[in-house]
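Visitor: Mind looking over this structure? Questions follow.
The values are calculated or read from the model by the stated rules, or taken from the named source; none is laboratory data. For clarity, every value in this text was computed on a predicted model and none was experimentally measured. Positions of Cβ are generated from backbone atoms using ideal geometry, with glycine treated the same way; all protein chains shown enter the neighbour counts.
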Amino acid sequence: MSQDTLTGTAVFLLRVALGLMFIAHSWVLKLFVFALPGTADFFVSLGLPGWSAYAVFGAEAVGGLCLVLGIQARWVALLLTPVLAGATWAHAGNGWMFGYPNGGWEYPLYLTLLGFTQFLLGDGRFALVASVPLPRGHVKPA
């Protein structure tokens, strides 16, 4: 197996893992555990508008599916990175360890870096709709 094949497979695995995390965070956590009104109440407690919880839910659900399927994954990852950065901010006051009460900021920061890394690496193998490439002079897609 060539190094290009291994690299493309690794990027694919990152893409699917990140997509599944987004799907779990939207459907399982926001919809079934907290319910969307409860998620909106949490957003309001942070000083954010309640409607933004619904927007984040939609972005995570649709974006997660796009990542798993490989639909413009590079750009979806870039668009979702601010959502992850926002989660880092939301958990910043809870300490570093995510195992602390209400979750710390280590895991959201890790996911933010993974999302940006997915953007840099591109789609990987098995993408249904390959991402529009970066302009010349930037990172070469995997």
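Visitor: Within the set of pairs 6 or more residues apart or between chains, which connect a residue that is free of Cβ contacts under 8 Å to residues at least 12 places away in the same chain and within 19 Å of F43 (Cα to Cα) inside region 93-105 to a residue that is in a helix (DSSP H, G or I) and among the aromatic types (F, W, Y) with Cβ atoms less than 8 Å apart?
Guide: F98/Y107
Visitor: Okay, next question. Can we say T117 is assigned to a helix (DSSP H, G or I), of a type in the set (S, T, Y) and in contact (Cβ under 8 Å) with a residue 40 or more places away in the chain?
Guide: yes
Here's the yes/no breakdown for (1) more than 24 Å from N94 (Cβ to Cβ); (2) more than 19 Å from the chain's Cα centre (by Cα); (3) modelled with pLDDT under 95:
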site: L13; (1), (2), (3): yes, no, no
site: M21; (1), (2), (3): no, no, no
site: L36; (1), (2), (3): no, no, no
site: L46; (1), (2), (3): no, yes, yes
site: P49; (1), (2), (3): no, yes, no
site: S52; (1), (2), (3): no, no, no
site: A59; (1), (2), (3): no, no, no
site: G63; (1), (2), (3): yes, no, no
site: L69; (1), (2), (3): yes, no, no
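Visitor: Sort out which residues of region 12-35 are surrounded by 15 or more Cβ atoms within 10 Å (Cβ to Cβ) and over 20 Å from P108 (Cα atoms), and write them in order of number.
Guide: Result: F12, single match.
Visitor: Conditions first: (1) of a type outside the set (F, W, Y); (2) surrounded by 20 or more Cβ atoms within 10 Å (Cβ to Cβ); (3) in contact with a Lys or Arg (Cβ under 9 Å, 6 or more places away or on another chain). R74 passes all but one, so which condition is the exception?
Guide: Every condition holds for R74 apart from (3).
Visitor: Residues that are within 21 Å of R15 (Cβ to Cβ): find the helices (runs of 4 or more DSSP H) completely inside region 33-106 holding 1 or more of those.
Guide: In region 33-106, 51-69, 73-91 are the helices (runs of 4 or more DSSP H) which contain 1 or more residues that are within 21 Å of R15 (Cβ to Cβ).
Visitor: Since A10 meets every condition but one in (1) in a helix (DSSP H, G or I); (2) free of Cβ contacts under 8 Å to residues at least 12 places away in the same chain; (3) within 27 Å of L128 (Cα to Cα), which condition does it not meet?
Guide: (2)
Visitor: Here's another thing I want to ask about it. Which members of region 75-97 meet the condition of being farther than 19 Å from L20 by Cα and hydrophobic (A, V, I, L, M, F, W, C)?
Guide: Hits for region 75-97 are W89, A90, A92, W96, M97.
Visitor: How many residues does region 84-112 hold that are exposed (fewer than 14 other Cβ atoms within 10 Å of the Cβ) and of a type outside the set (F, W, Y)?
Guide: 6
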